[in-house]
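Just so it is clear, none of the values below were taken in a lab; they were calculated from the coordinates. Everything quoted here is computed from the prediction, not taken from an experiment. Glycine also receives a Cβ, built like all others from the backbone with ideal geometry; neighbour counts cover every protein chain displayed.
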């Protein structure tokens, strides 16, 4: 397994900004993210597993940050 390859792919994905979302604003599933970035056939099974784990962590972090931003906006609006 090439850890450097996985980290390079993750750096590329992070450089794109937020993870892609569906029409309802929900982050795409891990399978859909893999397809979105064209990664299904270019990774070994081990690399794919590692990348899927990392994408899941990225998605969870992005969702948590969005929730924190919304909560902050509600607090700010309540103080006005």
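Students often get this wrong: which residues of the range 49-80 have the backbone nitrogen under 14 Å from the point 7 angstrom along Cα-to-C-beta of residue 23?
From the range 49-80, the list is empty.
For Cα pairs less than 8 Å apart in space and 6+ apart in sequence, what is the mean separation divided by the residue count of the chain, i.e. the relative contact order in percent?
Details: 31 pairs, mean separation 27.5, N = 80.
34 percent.
Please report 51, 65 as a ranked list, fewest other C-beta atoms within 10 angstrom at the top and most at the bottom.
Going from least to most buried by this count: 65, 51.
Which ordering of 57, 6 is given by a fewest-first count of other beta-carbon atoms within 10 Å?
57, 6
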